[in-house]
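First comes the structure, then the notes that go with it.
The values are calculated or read from the model by the stated rules, or taken from the named source; none is laboratory data. Source: prediction; values computed, not measured. Reconstructed Cβ throughout: ideal geometry from the backbone, glycine too, with neighbour counts over all protein chains shown. All accessible areas refer to the heavy atoms of the entire protein, side chains included, with ligands and DNA or RNA removed. Shrake-Rupley method; radii C 1.70, N 1.55, O 1.52, S 1.80 Å.
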Amino acid sequence: MAGNKAGKLPRKTYEKELLCLQTELAKLQEWVRTEGARLVVVFEGRDAAGKGGTIKRVTEHLNPRVARIAALPKPTERERTQWYFQRYIGHLPAAGEIVLFDRSWYNRAGVEHVMGFCSKEEYQLFLRQCPLFERMLVEDGILLRKYWFSVSDEEQQDRFRRRLEDPLRRWKLSPMDMESITRWEEYSRAKDEMMVHTDITEAPWYVVESDDKRRARLNMIAHLLGSVPYQDVLLPVPDLPERPESTGYQRPPRDLQNYVPDHAAGL
């Protein structure tokens, strides 16, 4: 169970600290880029646990050419015949890159196992191979961080209800989300079993209590920053050149181009 709603972080406190942490994330990004580091951050947890919102805050001010999100759809028929980890390998970072997995290879330990999308043999094989796979990543120099967002059943239910009532967020609800409500204990057992096999010294799991979204975002980002030995990279500040004097250029008449109507003028 995640923490309760008591002591919810005030918005002003949250926004002030978030800006400080995002400033540090920009420094982390430059360190990764200049040092040629490779950083992988895995976000896992129940539906509506707050993974997507946290990822959005992590990447909000980062360069998408350096920090990208990997959110893979369900596997194709061809991918189903591959080694399970194969399709994830292509999304791993090269030197100077950060990849945030919005769900990851741990799908097999969660939804695939609970919903019967994989066989018992495939599930057991995953539990044996996953620690080996992650040890190889770490041994090759990849910085691997794994976060499990823990939300209580009451809070998850409230978030599902708010999504259902909000036309801007209703798309976030899927039949799989509805199914997860009726399989709460099955997902809990699957998570516990996953932790037993994959919480390894080289790549431990870190649990983020996420009933308070603001607190969860700050805690996760602060932990990530504290776990990576980045340093402030001093970049040269370019001089803004003076605009040269006009050489007689004339802008084409407005009626020769199609302009977007001024919708804002009627507000």
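In the chain, the DSSP-assigned H stretches of four residues or longer account for a calculated mean residue ellipticity at 222 nm of -13500 deg cm²/dmol, using -39500 (n - 2.57) per stretch and the full residue count as denominator. Taking all protein chains together and rolling a 1.4 Å probe, THR34 ends up with roughly 70 Å² accessible. For the range 201-267, the carbon plus sulfur part of the accessible surface works out to 54%, probe radius 1.4 Å. For THR59, the shell of other residues with beta-carbons less than 11 Å away shows a net charge of +1, using +1 for Lys and Arg and -1 for Asp and Glu. When the C-alpha to C-alpha distance is required to be over 20 Å, the pairs from LYS16/LYS172; LYS8/LYS51; LYS56/LYS191; LYS146/LYS172; LYS146/LYS213; LYS12/LYS146 that qualify are LYS16/LYS172; LYS56/LYS191; LYS146/LYS172; LYS12/LYS146. Restricting the GluC sites (Glu not before Pro) of the range 182-267 to loop positions (DSSP other than H, G, I, E, B) with no more than 15 neighbouring Cβ atoms within 10 Å leaves GLU202, GLU242, GLU245.
At a probe radius of 1.4 angstrom, the accessible area of the range 46-168 per residue rounds to 51 square angstrom.
Working value for the range 1-104: equivalent-ellipsoid semi-axes of 28, 22, 9 Å, each the square root of 5 times a Cα gyration tensor eigenvalue, largest first. For the range 48-127, the alpha-carbon radius of gyration amounts to 1.24 times the rule-of-thumb value 2.2 N^0.38 Å expected for a compact globular protein.
Only sites in a loop by DSSP and with at most 14 other Cβ atoms within 10 Å count here; which trypsin sites (Lys or Arg not before Pro) in the range 1-79 make the cut? Sparse-neighbourhood loop trypsin sites (Lys or Arg not before Pro): LYS5, LYS8, ARG65. For the chain, the fraction of C-alpha pairs farther apart than 25 angstrom is 55 percent. On the range 1-75, 53 percent of the accessible area sits on carbon and sulfur atoms, based on a 1.4 Å probe.
Using R0 = 25 Å, the C-beta based FRET efficiency linking ARG183 and TYR206 works out to 0.50.
When the chymotrypsin sites (Phe, Trp or Tyr not before Pro) in the range 196-267 are filtered for DSSP coil states and for at most 13 other beta-carbon atoms within 10 Å of their beta-carbon, the remaining sites are TYR249, TYR259. What separates the Cα centres of the range 187-203 and the range 121-159 is a distance of 7 Å.
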